Every structure is written in C-alpha cells, then in structure tokens.
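Data block below; observations after.
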Amino acid sequence: MKRVAPALALCGLLVAALPAQAAGQQPAHHDSHESYGTKAPYSPQQSPRTYQRPPAGFTPVFTENVSRHGSRSATDSEDGDLILALWDRAAAEGQLTRKGEEFGPAVRALLDAMAEVGYGNLSGRGRAEMRDTATRMAGRLPSLFAKIAADGEKIDVVSSGQGRAVDSAGEYVGALADADPALRPLIGPTRTDKDLLYFHKAAGGAAYRDYIANDQRLASTLKGITDQPRTYRAARGVLRKIFKDAFVERIADADAVSAAEAVHNLYAIAPAMSEESPDGAGWGMERYISRSDAAWFGYLGDAEDFYEKGPGFSDSDITYKMAGVVLDDFFKQVEAKRDGTSDLGAELRFTHAEEIIPLAALMGLSGSTRPATPGQPYAYADNPWRGADVAPLGVNIQWDVFRKGDRYLVRMLYNEKATAFKAGCRPVAKGSEFYELDELERCFGRE
C-alpha cells in the first residue's frame, strides 16, 4: 500500500486536526486472513479426495499453469526503518508502552531475518509452498507424468526473470523431479519471457503504466477511500499499542498513517517469514495491531490493488486487458497439443501478483467478476474481491487437458480448487468441472 506521506516528520512532530471527511465503511467482519491482503501465505483450497473424475474414456494428456512466486521477504527495509526511527525517539524519551518496549527488538529481529534471506527473495515457507504445490500436482495427475516420462515429452518452464519467480520455478520442478527422477532430463532450463510474465513492466503495459501514473480519477478515488476519519482513528489505535498517548498526540495525522501502515505491512509479511523466526512459531506481530485496525488497513490495501490491478472501474479494462497475452498463451498451448504440433507434456509459468490479479479479472474468475461503478467506491460490503483470496503468495491457475479420440476436455483449478470458467461457458454436463475445448474457444471468442 502506498503511503500518504513520504516519511515521518521526525525532526518536529506536528499536531494536525482530523479532517472533516465522510466516515468510511469498516469491514463487516475481521478475518485475519483477509487483513494480510496479497501477502497472505498460500494454502490449497480443495481436498485431493474431492475432485471429479473425468468422463469415461478421457485420459490426461497435458497440464499447464501460471503461478505467483511463493512467500517472500519484504522487498526492502523501508517499513522497518521508518517505524524504528520513531521507536528510537520514543524510547529515548521514555514514551514506550510496555508492549512497545518489546516491539523494537522484534522488528529488528525480523529485519535481520529478511536481510539474511535477501529482500524480495523466497523465504523458507515460500520454497516449501512451491515444492508442496508441485507434489500435489503430480499426485493429482500420476498417469500424465508417467506418460511424460515414458514418451519423453518435454516440460517447459518460463518465468518473469525476477529472482523470486526464477527460484520458485526451481523449487517447483525440483519437487517434480524428486517425485519421479525420470522427469529430470525432460525439464527444460527456466527461460525468461518478460512480455508474457512481467507484462506490466514490458511494452504491452505502457498504457497501463500511464494510467497508474497520471489518471486523476484513480488518484482521487484512492485518496477519498484513504483520507477519512476511520483511517486516522485506526492509525492512532495502532500507534497507541506501541507509544504512550502523549507521544502519539504529537504526531501529525499523515505521519501517523504512514507509521501505522508500516506496522501493518510488517504484520502482513511476518507469516511469510515464519520459518525464519527464532522458534519457527512466528514473529508475534499480531500483538501490535488490533484485529479491527488490521482489517481496516487490509481493506485500504485491497482497495489500492482492486483499482490498480484488478476489476477496477466498470467503464474501463485498462487494468486487466494486457493480461490477454497470458490467456492467449494458455489457449495456444492446448490448441498446439490438439493439433499435434507440440511435444510438451506440461507448461509451467512463474510470475507475480501484478500479472495474476489482472488475469483473474480478465478470465472472470470467482471473486474477480465485479468492477466498481464510478462514484461508488469499492467496499467489502458489496464486493467479494479480496486480495488474500484472489492472489495470495503462491496463487496458481491450472488447466488440465484430457483426451478421448479427437475430443479434448479442460478442467481449471484455481488455488487447486476446481473452478468454473466464466459465465457463458457451458460445461459438458450440469455441475461438471470439465469443458470441451471447442466450447471454451467459442466462449472466449477464439473461433
């Protein structure tokens, strides 16, 4: 989440009156998973015992996915540095609460652990997430991977080229090879395709980047969501857990929000770093932010991601149109398999939230179907979009392809849950998880 102030005014903390803005709508309930936003760690969403069997006579012939990298450390130390500068001043003035006295050492230990992992790099939990997801994939499709090994088909691996995506690919295919060593020579080296898997920073994302930088409606909408009394109350609620009231009252509103956001960001990233904690049980950052305040800052982060990467405004597709390159590649791979022009048994892609979130909106996946009407800001009460569900760390979308004669069926898994294709796509039977490839081509306008 972007801060409303670039840094704390540590040289002279100023008092500022609460702005007379319309009160915002607090999240209807306080789900700690939701409050992590897109930093929520991964968990599969369906038991492997509950998948439908394909129709009689259909056997798996191909699988493909796109996955966000696994859990990682923060991309830099900015949040820790910001809040520790304030903490050091309060400590020198004797202005820490009893709980606040524990906060500074806890943050320093977390920062040290992230520095050791490397900022922005996969954590131990992230590596395990990738390996476990791959192992479950192999377990769902044992006959496919046996066929790949027996026939010498290839497994193509492609990433954005960013370190955490490359490392995620390595962990993922390493687990596949460990499960069946005959697959190892069939796994190609991880290649880089930024146009496909880092499109928000590539040539195809130019109009999108202009929107983020210059669109006044976007800026005013996000400012209106953030700049309201609930935000300032939540910020001071966060800070009062760490600092004494007299100290908090000397902090200007904008600086209080920046400091509280830093605390929330550390709270949100801590689960991703659980394996690096001293006893492996976590960092205890939830002690320094109430569930209601965490929920509010989680909502503000979700609002930013919703408008900048997700369904966005109902009269614009600027946030997700560019994800068409990935959807097109999904279809191209299946069509090549059908047409006999592909020697691949699997296509594995590794990318980032900036690619998965717009792809989910473009595909009309569950939770990403409802944009916001201009003039009616995104709110939890009337919109199901949640960053923790749409794009947690390790989020993945998978298509499994089954063949019988000249018929090809596709099943989609979203975070390993069998998921319907968008409205208008007809499965082979009511309630079925399987779709004719021809029907998907029709439904997505590829005829």
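Please treat every number below as a calculation from the coordinates, not as lab data. Predicted, not measured: the structure shown is a model, and the values here were computed from it. Every residue, glycine as well, gets a Cβ built from its backbone with ideal geometry; the counts of neighbours run over all protein chains shown.
The table that follows gives values for the structure above.
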quantity	calculated
Trypsin sites (Lys or Arg not before Pro) restricted to DSSP loop in segment 399-432 with at most 13 other C-beta within 10 Å	Lys430
Degrees, to the nearest 10: 98-117 long Cα axis against longest axis of the chain	40
Environment charge at Ser432 (Cβ cut-off 12 Å; Lys +1, Arg +1, Asp -1, Glu -1)	+1
Segment 239-390 shape via C-alpha gyration tensor axes, a/c threshold 1.5	oblate
Fraction in percent of alpha-carbon pairs per bin - 10 Å, segment 307-355	21, 39, 25, 14, 1
At most 14 other Cβ within 10 Å, DSSP loop - chymotrypsin sites (Phe, Trp or Tyr not before Pro), segment 52-149	Tyr119
9 Å beta-carbon shell around Arg403, net charge (K/R +1, D/E -1)	+3
Cα-based helix-to-principal-axis angle, 163-179 vs the chain, degrees rounded to 10	40
About the Cα centre, charge dipole magnitude for segment 40-173 (Lys/Arg +1, Asp/Glu -1 at Cβ), debye	800
Environment charge of Ala418, counting only residues whose C-beta is closer than 13 Å and scoring Lys/Arg +1, Asp/Glu -1	+2
Beta bridge orientation in the chain: antiparallel %, DSSP, nearest 5	60
From phi via Karplus (6.51, -1.76, 1.60), per-residue ³J(HN,Hα) for segment 258-263 in Hz, x at Gly/Pro	4, 5, 5, 4, 5, 4
Ellipsoid semi-axes in whole angstrom, largest first, where each is sqrt(5λ) of the Cα gyration tensor of segment 115-236	40, 20, 14
Value of [θ]222 nm, deg cm²/dmol, for the chain, DSSP H segments ≥ 4, -39500 (n - 2.57) each, nearest 500	-13500 deg cm²/dmol
Test item: Cα-centred dipole of the chain, Lys/Arg +1 and Asp/Glu -1 on Cβ, debye	800
